[in-house]
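Colleague: Below is a structure I'd like to ask you about.
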Amino acid sequence: MTLEARTQSPAPSRARSAKRRAKPAWTELRRHGEGYAESTLVHGDNLDVLRAMRDEYAGRFSCIYIDPPFNTGRRFEQYDDARPSEAWVEMMRPRLEAMAPLLADDGALFAEIDDTQLAHLQLLCDRVFGAHNRVSTVTVVRSAATGHKAINAGPVHVTDFLLIYARDRKKWRYRAQKRPREGMDRAYGTWLDDPDAPRESWTFRPLRSAAAEHHGYTSSREATRDLGAPEWTRRVEAFALAHARHVVRFAQPRYDAIARAAQRLVDASRGAPDRVMWMARPGRPDFILKGGNRILFLADKVADVDGRPSVVEPLTNVWDDIPFQGIAREGGVVFSRNKKPERLLERVIAMSTSPRDWVLDPFAGSGTTLAVASKMGRRWFGIESGAHALTMCEPRLERVLAGRDVSGVRPGAAPRGGFRVVRA
Ligand SMILES: C[S@@+](CC[C@H](N)C(=O)[O-])C[C@H]1O[C@@H](n2cnc3c(N)ncnc32)[C@H](O)[C@@H]1O
């Protein structure tokens, strides 16, 4: 059955039937899952499909992720990745042009690439989406400088790049992401005895003294002697994390950047260095000072990561915390060299979508984006021209739907809603 036939109403208006006539006759191969199959996997060339989506899917996608052939000069088992640079650009241009109208007003496109075509892709995207809508170029660290890569002349290549373009930068809805910090920020070195006591009576001492007392030592020096510096530091950090409401740092406020009332409080606090002073700020944490310095709480830096409390920091444009090694088994499909880590897609989807939003991947490969979108409760649309659309993506997505994928992110998540597989 064709999609055209499936969606035809008994008495379509002339305009609507003209639109329908313009659609290609995609052949539905199969459906998976209960109820209406909202998500779609298309086996076919993405250019025709993206163009044909224009009416039905215009402005629908909050996130478009593309991981096109990088033009690495290699010939992979599943596809050929060697063409002249100009031919690569000519392949990409119409596809990007066809993707642009499919983005939601507050949506964004994420384009993964290595440095072979980075410059060309950026220029192309600047043209299609507008340079003013470029949000960031993220450096994604894929590997370390080991093994055969080190024999090439010049610096060892260990990175991909992720170009991020908003459909409209002013409207883009960024869901701020945090990442766990390596080690603790040593500036959080002060212990507040009782954060629930009236602020006027707050008392402070070094964090390490409080940790030593907690562990039954008379001093931090004694604990270091007994345990060795690395182990003692580890224990102090664990203690701080477990009692984050008590752990603070003092930070000089940027006098020029704060409101007049806050400046007055800073002046007063400098004049009475032993007193704790504060002012309430609507919708924000209180502005608390001692000796002219702000009191900042470790608790405000702690978030749940993978079910455990961790000290986090805002995500930057260098992503070196997502391993590309050890992903061979993710999704239960073998797609050597080209498969991307599910954690990478989880981050991309989390920063650009909410549950039930739509995600598009027109170079689906082994189906990583679609599998992660599905596990995260997003609706998705994927296109893949290779035979692996049916031999990798489809079975992978079927396993996810059945809650049988225990690899990658959110193992065993059993999403709702089915999907259909069509041939373009
Ligand atoms: C780098 S791989 C994507 C890998 C994917 N992100 C994953 O994690 O599995 C690029 C994919 O784009 C597909 N592809 C290339 N040209 C295409 C086209 N014109 N239409 C649809 N798919 C295409 C290739 O077959 C290949 O599977």
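No lab work stands behind these numbers, since they all come straight from the coordinates. Bear in mind the structure is a predicted one, so any value in this text is a computation, not a measurement. Positions of Cβ are backbone-derived with ideal geometry, glycine not excepted, and every protein chain shown enters the neighbour counts.
Colleague: How much net charge surrounds Ile164 when only the other residues with a Cβ under 12 Å from the Cβ of Ile164 are counted, with Lys and Arg +1 and Asp and Glu -1? Present the calculation step by step, with values, prior to reporting the outcome.
Modeller: Values: positive: Arg134, Arg167, Arg169, Arg347; negative: Glu112.
The answer is +3.
Colleague: Need one number: nm distance between label points at Ala272 and Lys171, each 7 Å from Cα along Cα→Cβ, rounded to one decimal.
Modeller: Output for this residue pair reads 5.1 nm.
Colleague: OK, next. Quick one: work out the % antiparallel among DSSP beta bridges in the chain, nearest 5.
Modeller: Around 65 percent of the beta bridges assigned by DSSP in the chain are antiparallel ones.
Colleague: May I pose another question? What are the residues whose amide H is under 5 Å from the amide H of Val305, where those residues sit 5 or more places off or on another chain and H is modelled from the backbone?
Modeller: Ser310
Colleague: Near the amide H of Ser62, under 5 Å away, which other amide H atoms are found, from residues 5 or more places off or on another chain, if H is placed in the peptide plane?
Modeller: Hits under the 5 Å cutoff: Ala104, Trp358.
Colleague: Could you give me the percent of Cα pairs per 10 Å distance bin for the range 53-163, shortest bin first, beginning at zero and ending with the bin that holds the maximum distance?
Modeller: 13, 39, 33, 12, 3, 0
Colleague: Shifting gears a bit: Pick out, from Ala144, Ala328, Trp191, the residue whose Cα sits farthest towards the positive end of the charge dipole of the chain, with +1 on the Cβ of Lys and Arg and -1 on the Cβ of Asp and Glu.
Modeller: Of the candidates, Trp191 comes out farthest on the positive side.
Colleague: Okay, moving on. What percent of all Cα-Cα pairs in the range 190-304 falls in each 10 Å bin, counting up from 0?
Modeller: It works out to 13, 38, 29, 16, 4, 0, in whole percents.
Colleague: Does the range 325-424 classify as rounded, prolate or oblate by the C-alpha gyration tensor (a ≥ b ≥ c root eigenvalues; a/c under 1.5 gives rounded; else a/b over b/c gives prolate, otherwise oblate)? Please report the intermediate quantities before stating the final value.
Modeller: Numbers: a/c = 1.27, a/b = 1.08, b/c = 1.18.
The shape class here is rounded.
Colleague: Cα to Cα, under 14 Å, and not fewer than 8 places away if on the same chain: which aspartates and glutamates meet these conditions relative to Lys171?
Modeller: By straight Cα distance, Lys171 reaches Asp105, Asp106.
Colleague: Hey, another quick one. How do Tyr255, Tyr165 line up, fewest other C-beta atoms within 10 Å first?
Modeller: With the fewest neighbours first, Tyr255, Tyr165 line up as Tyr255, Tyr165.
Colleague: For the chain, just the Cα set please: Rg and Dmax, both in angstrom.
Modeller: 26.8, 87
Colleague: Quick one: Thr369, Thr391, Thr353, Thr116, fewest Cβ neighbours within 10 Å first, how do they rank? Write down the numbers at each step before the final one.
Modeller: On the way: Thr369 31, Thr391 13, Thr353 24, Thr116 16.
Fewest-to-most ranking of Thr369, Thr391, Thr353, Thr116: Thr391, Thr116, Thr353, Thr369.
Colleague: Still on this structure: Under 5 Å between amide H atoms, partner at least 5 residues away or on a different chain: which partners does Thr159 have, H built in plane at 1.01 Å?
Modeller: Arg142
Colleague: Continuing with this model, one more query. Tally Lys/Arg at +1 and Asp/Glu at -1 over every other residue whose Cβ is under 12 Å from the Cβ of Gly189; what's the total? Could the numbers behind the result be given before it?
Modeller: Values: positive: Arg186, Arg205, Arg208, Arg249; negative: Asp185, Glu237.
Neighbourhood net charge equals +2.
Colleague: Same structure, new question: Which order results if Arg225, Arg260 are arranged by neighbouring Cβ count within 10 Å, fewest first?
Modeller: Details: Arg225 12, Arg260 7.
Exposure proxy ranking, most exposed first: Arg260, Arg225.
Colleague: How large is the charge dipole for the chain, taken about the Cα centre, if only the Cβ atoms of Lys, Arg (+1) and Asp, Glu (-1) carry charge, to the nearest 20 debye? Don't skip to the answer; put the middle values down first.
Modeller: Numbers: 68 positive and 53 negative charges, 206 e Å.
Magnitude of the dipole: close to 980 debye.
Colleague: Tabulate in residue order the Karplus-calculated ³J(HN,Hα) for the range 42-56, using 6.51 cos²θ - 1.76 cosθ + 1.60 with θ = phi - 60°, rounded to whole Hz; enter x for Gly and Pro.
Modeller: In residue order, the calculated couplings are 10, 9, x, 6, 5, 5, 4, 5, 4, 5, 6, 7, 3, 6, 6 Hz.
Colleague: Then there's this: If each of Asp300 and Tyr36 carries a label point 7 Å out from its Cα toward its Cβ, how far apart are those two points in nm?
Modeller: 4.5 nm
Colleague: Also, I was wondering about something else. Where in the chain lies the longest segment free of GluC sites (Glu not before Pro) that are both loop residues by DSSP (not H, G, I, E, B) and have at most 12 other Cβ atoms within 10 Å?
Modeller: 183-424
Colleague: On to the next question. With Cβ to Cβ distances under 14 Å as the rule, what net charge do the other residues near Ala414 carry (K, R +1; D, E -1)? Numbers along the way, then the final one.
Modeller: On the way: positive: Lys375, Arg399, Arg404, Arg410, Arg416; negative: Glu34, Glu398, Asp405.
Surrounding charge for Ala414 is +2.
Colleague: Still on this structure, I have one more. Strictly over 27 Å apart at the Cα level, which of Lys339/Lys375; Lys301/Lys340; Lys301/Lys339; Lys170/Lys339 would you flag in this model?
Modeller: Violating the 27 Å Cα-Cα cut-off are Lys301/Lys340; Lys301/Lys339; Lys170/Lys339.
Colleague: Here's something else I'd like to know. Sum -39500 (n - 2.57) across every DSSP H segment of at least 4 residues in the chain, then divide by the residue count to get the 222 nm mean residue ellipticity, nearest 500.
Modeller: Theoretical 222 nm ellipticity from helices: -8000 deg cm²/dmol.
Colleague: Explain nothing, just the number: dipole magnitude of the range 238-361 about its Cα centre with +1 on each Lys and Arg Cβ and -1 on each Asp and Glu Cβ, in debye rounded to the nearest 20.
Modeller: Magnitude of the dipole: close to 440 debye.
Colleague: Separate question: Counting pairs of alpha carbon atoms under 8 Å apart in space and at least six apart in sequence, what relative contact order in percent does the range 190-304 give?
Modeller: Contact order relative to length: 25 percent.
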